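See below for the structure under consideration.
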Amino acid sequence: MVGLGAKKPPSRRGSMADVPQDLIKQIERLEELFLVPAEKLKEITDHFISELERGLREENATIPMNATWCMEFPDGHETGTFLALDMGGTNMRVCEVTLSDQAGEFDIIQSKYRMPEDLKTGTADELWGYVADCLQQFIGYHHEGEKIEALPLGFTFSYPATQEYIDHGILQRWTKGFDIDGVEGKDVVPPFEAALKERGVPIKLTALVNDTTGTMIASAYTDPLMKIGCIFGTGCNAAYMENCGSIPKLAHMNLDPNLPMAINCEYGAFDSEHKVLPRTPYDIIIDKESPRPDQQAFEKMIAGLYLGEIFRLVLLDLNQQADCNIFDGQDISKLKKPYSLDSGFLAAIEEDPFENLSETQELMQTKLSLKTTKPELELIRRLAELIGTRAARLSACGVAAICKKKGWSTCHVGADGSVFNKYPHFKVRGAQALKEILDWPENKGKGKGDPVEMFPAEDGSGVGAALIAALTLKRVMVGQNAGIRDPEAMKAVAKFAKKA
Ligand code: BGC
């Protein structure tokens, strides 16, 4: 595993010598807007904790704190063969996961299908039809000629869903740019199953899983110290294991208070009433112009979908300010195109190893057809650093809030997503912010990692979803049926999970 060593990201502050006054002034203004000091991080974290608690108490709280009915960690001895489906933003992935009886080991075969962009704003029928087609193709290819009655499926559906049962889920709202009519407020499982049935695809949905829950469970499969699963990708969110007695909104179900219950926090929604997050004018534009204004406030400041757009809006604004000279006299039509820059663009700027920022210059030219001077490049680099650093520091508030709420002074956090895995310095900046929020003394953890440490997760939407399906069938077989809609149907499918 890769820990978050104490290596500091390089600073380029010394190279501002030749930057003219108007750009210096703008850089200072941007620093003022985007830097989040430790005190502010602590204030955000404190408000976060009370919002996590409110979500456990109230239906329809800002942070939903969805009970997922995933009610135990794996013990490493789960066995059987399961399908896993991951409906992500860019791709759809279908896996067949075979959990071996060797603790923590598994085999996986998988196929990836492109998720057509227009599907995200199309109709519900098109969406479920496409998903079912991919599954049909996968089974047709990998099980050609076999007579299959039903394969159990863990379906990773990475959007906020309320679940009364593990095998259903009512979509609360679309996030991450999805905007398909007629799905919000409804159970997503019946239309999905209907599309499978129409095509004669022999699958029984066993568990509807959030990517964060999958990440937590998959990571815990190989590391018993894992307590939180996080995604820092197109969207952002976390899951952790609560005990039923600490979830007042489930009190009417009279569950054993000591039973564990995985909570999908959906904390991308944090502070959607704008009480504490230091929003800039650019964050306000992003929110207003998104398909779902006033939702996912936290996510819109830190997730991969938005980082490039924040950057674009700042540059556009600077170009339009009379007392700031940047890209003067150039055609800025490409810069005017919303969402034309992704977080990979920002990452590439931050990764430019050359003192003269020649790679950044080339990027600006090829992607935006803009010629840049050295001082402009200095501003661009600093802006990318500010946006990336703010994202990492704010991200730490969510993790710190869960740890503080649960009273965990040490734990491992499994993290996944494109920003966590690919954005330069994200991990180190996040670790630094955790240290500031949680007030670790300088020498604490020296040589053995930080008390709360983030690690790249195991494959949550493949192995994690399969494990959650396996844990659900295990529960049914011993008569622990809480949160399972049709235990008899599940029992029937349990036998297909085992390899003959
Ligand atoms: C979704 C979450 C998901 C997160 C990371 C958010 O937009 O609401 O369900 O876990 O993205 O993928």
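The values are calculated or read from the model by the stated rules, or taken from the named source; none is laboratory data. What you see is a predicted model, and the numbers here were worked out from it, not measured in a lab. Methodologically, a virtual Cβ is constructed for each residue, glycine included, from the backbone with ideal geometry; neighbour enumeration extends over all protein chains shown. Heavy atoms of the whole protein, side chains included, go into the accessibility calculation; ligands, DNA and RNA do not. Shrake-Rupley method; radii C 1.70, N 1.55, O 1.52, S 1.80 Å.
Would you please list the contacts, defined by Cβ atoms under 6 Å and residues six or more apart or on different chains, that run from a residue in region 330-356 that is at pLDDT 95 or above to a residue that is of a type in the set (Ser, Thr, Tyr)?
So the pair list comes out as Lys334/Ser369; Ala347/Tyr423; Ile349/Thr360; Asp352/Thr360.
Return the residues of region 452-476 that are under 30 Å from Glu436 (Cα atoms) and among the aliphatic types (A, V, I, L, M); say none if nothing qualifies.
If we filter region 452-476 for residues that are under 30 Å from Glu436 (Cα atoms), which is where we start, we get 452-460.
Scanning region 452-476 gives Val452, Met454, Ala457.
How do the helices (runs of 4 or more DSSP H) wholly within region 293-368 filter down when requiring 1 or more residues that are open to solvent by 30 Å² or more (accessible area, probe 1.4 Å), out of contact with any Lys or Arg (no Cβ under 9 Å at 6 or more places or on another chain) and more than 16 Å from the ligand (Cβ to nearest atom): which remain?
Answer list for region 293-368: 304-320, 343-351, 358-368.
Considering only residues of region 291-320 that are of a type in the set (S, T, N, Q) and either in contact with a His (Cβ under 7 Å, 6 or more places away or on another chain) or in contact (Cβ under 8 Å) with a residue 24 or more places away in the chain (or both), which is farthest from Ala239 (Cα to Cα)? So that I can check it myself, show each step before the final result.
First pass over region 291-320, keeping only residues of a type in the set (S, T, N, Q): 295-296, 319-320.
Pick out the ones that are also either in contact with a His (Cβ under 7 Å, 6 or more places away or on another chain) or in contact (Cβ under 8 Å) with a residue 24 or more places away in the chain (or both) and you get 295-296.
On the way: Gln295: 19, Gln296: 16 Å.
Here the answer is Gln295.
Which one is farthest from Phe298 (Cα to Cα) among residues in region 237-249 that are away from the ligand (no atom under 16 Å from the Cβ) and either within 13 Å of the chain's Cα centre (by Cα) or surrounded by fewer than 18 Cβ atoms within 10 Å (Cβ to Cβ) (or both)?
Only one residue tops the list, namely Gly245.
Output yes when any residue across region 400-408 is modelled with pLDDT of 95 or more, small (Gly, Ala, Ser) and surrounded by fewer than 22 Cβ atoms within 10 Å (Cβ to Cβ), and no when none is. Full working, then the answer.
Let us first name the residues in region 400-408 that are modelled with pLDDT of 95 or more, namely 400-408.
With the extra rule that they be small (Gly, Ala, Ser), the set shrinks to 400-401, 407.
From what's left, surrounded by fewer than 22 Cβ atoms within 10 Å (Cβ to Cβ): 407.
Yes, some residue in region 400-408 is modelled with pLDDT of 95 or more, small (Gly, Ala, Ser) and surrounded by fewer than 22 Cβ atoms within 10 Å (Cβ to Cβ).
Does Gly76 satisfy the condition of being of a type in the set (Gly, Ala, Ser) and touching a Gly at 6+ places or on another chain (Cβ under 8 Å)? Before you say what the answer is, go through the steps one by one.
Values: of a type in the set (Gly, Ala, Ser): yes; touching a Gly at 6+ places or on another chain (Cβ under 8 Å): yes.
It is true that Gly76 is of a type in the set (Gly, Ala, Ser) and touching a Gly at 6+ places or on another chain (Cβ under 8 Å).
Only one residue in Ile402, Ile484 is at negative phi, in a loop (DSSP other than H, G, I, E, B) and aliphatic (A, V, I, L, M). Which one? Before the answer, list the steps.
Values: Ile402 fails: in a loop (DSSP other than H, G, I, E, B).
Among Ile402, Ile484, only Ile484 is at negative phi, in a loop (DSSP other than H, G, I, E, B) and aliphatic (A, V, I, L, M).
Any idea which residue in region 188-236 is farthest from the ligand (Cβ to nearest atom), counting only those that are of a type in the set (D, E, K, R) and under 22 Å from the mean Cα position of the chain (by Cα)? Break it down into steps so the answer makes sense when it comes.
As a first pass, look at region 188-236 and keep what is of a type in the set (D, E, K, R): 193, 197-199, 204, 211, 223, 227.
Now narrow it down to the ones that are under 22 Å from the mean Cα position of the chain (by Cα): 211, 223, 227.
Values: Asp211: 5, Asp223: 20, Lys227: 17 Å.
So, considering only residues that are of a type in the set (D, E, K, R) and under 22 Å from the mean Cα position of the chain (by Cα), the one farthest from the ligand (Cβ to nearest atom) is Asp223.
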